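Data block below; observations after.
The values are calculated or read from the model by the stated rules, or taken from the named source; none is laboratory data. This is a predicted model, so every value here is computed, not measured. Cβ placement follows ideal geometry from the backbone for every residue including glycine, while neighbour counts extend to all protein chains displayed. What goes into the accessible areas is simple: the full protein's heavy atoms, side chains included, and nothing from ligands, DNA or RNA. Shrake-Rupley method; radii C 1.70, N 1.55, O 1.52, S 1.80 Å.
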Amino acid sequence: MFDTYQQIFQERADRYHAAMAAFPLARRQEFELAVARLDLQPGCDLCDVPAGGGYLADYLPRDDLFLLCLETASEFASQCPRNTDQRVLETALESLPLGAGSVDRILSLAAMHHVDDKHGLLKEFSRILRGDGQVVVADVEAGTRTAAFLNEFVDRFNSMGHKGHFIDAAFIDDVDQCGLSLKAVDRPPLTWSFASRANLIDFCRHLFGLDRAADQDIIGGAEEYLGLREDAQGVSFDWQLVYITAAKD
Ligand SMILES: C[S@@+](CC[C@H](N)C(=O)[O-])C[C@H]1O[C@@H](n2cnc3c(N)ncnc32)[C@H](O)[C@@H]1O
């Protein structure tokens, strides 16, 4: 029924966005860790690709930045905030609609595992970066419990399935072949957090499109794959990502 992840996200974007809007702090650490690695300087042109519904804007540490959201799915692009410091462009990833050397920083969060031509996208990142530019790619790494959660649990309980092609050693080795220089690879401790089990269930059901899952299935998946914990502050689970920082050659 759906041939590409672009089509799948076109279909799923409204529920994904509803989850992010209802629980904007659930993935707070994930965004904060990305921003900390971007080394944002005064007046930076920052490009978020693909940007989903433009969630990065809430985490920018200064107000003298210009944020450009590139997004492949119109359902997501229409949700991205627009103002004088924030533009949105709808685009395919094969050829980004920006000139050579036009941005200072790029973030690509939680998307590379859906991209077939990762080498081509990294080359596009190098092309659009200015001379002293920097890119952060943060995504799920092959062999982690998060990868298993997505390709086993989400694949089973989302009727459209989930077949991620996760970050591996070959991808990391390839960074230096794309006009970029690898600066850092790190795997910081990271959790997604919720006030209650009910909030966790609601968020995961919509973000991951778990149309086949009962509430208890979602709790069971979080326990089995992600180390669900509960304390006085609420509930949380581990969300393992690798953060890859590279500079323009
Ligand atoms: C999990 S969302 C991440 C969005 C946002 N960066 C975030 O962290 O919430 C995946 C994003 O990748 C885009 N995407 C996924 N697969 C794609 C593909 N094969 N081609 C183009 N875009 C794709 C979707 O439109 C969506 O914006």
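Results, tabulated for the structure shown:
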item: Cβ-Cβ under 6 Å pairs, at least 6 apart or on other chains, segment 78-101 side assigned to a loop (DSSP other than H, G, I, E, B) and open to solvent by less than 80 Å² (accessible area, probe 1.4 Å), far side modelled with pLDDT of 95 or more and hydroxyl-bearing (Ser, Thr, Tyr); result: Pro97/Thr91
item: Counted residues, segment 173-213 - those being open to solvent by less than 40 Å² (accessible area, probe 1.4 Å), assigned to a helix (DSSP H, G or I) and either of a type in the set (D, E, K, R) or over 30 Å from Gln10 (Cβ atoms) (or both); result: 1
item: Restricting segment 8-35 to residues that are more than 9 Å from the ligand (Cβ to nearest atom) and in contact with a Leu (Cβ under 6 Å, 6 or more places away or on another chain), the residue that is farthest from Leu207 (Cα to Cα); result: Gln29
item: In segment 108-147, the residues that are touching a Lys or Arg at 6+ places or on another chain (Cβ under 7 Å), part of a helix (DSSP H, G or I) and not polar (S, T, N, Q); result: Met112
item: Residues of segment 148-170 satisfying the condition of being touching a helix residue (DSSP H, G or I) at 6+ places or on another chain (Cβ under 7 Å) and outside any helix (DSSP H, G or I); result: Met160, Gly161, His162, Lys163, Gly164, His165, Phe166, Ile167
item: Pair list, Cβ < 9 Å and 6+ apart or interchain, from segment 37-53 residues that are within 16 Å of the ligand (Cβ to nearest atom) to residues that are open to solvent by 50 Å² or more (accessible area, probe 1.4 Å) and assigned to a loop (DSSP other than H, G, I, E, B); result: Gly52/Gln79; Gly53/Ser78; Gly53/Gln79; Gly53/Pro81
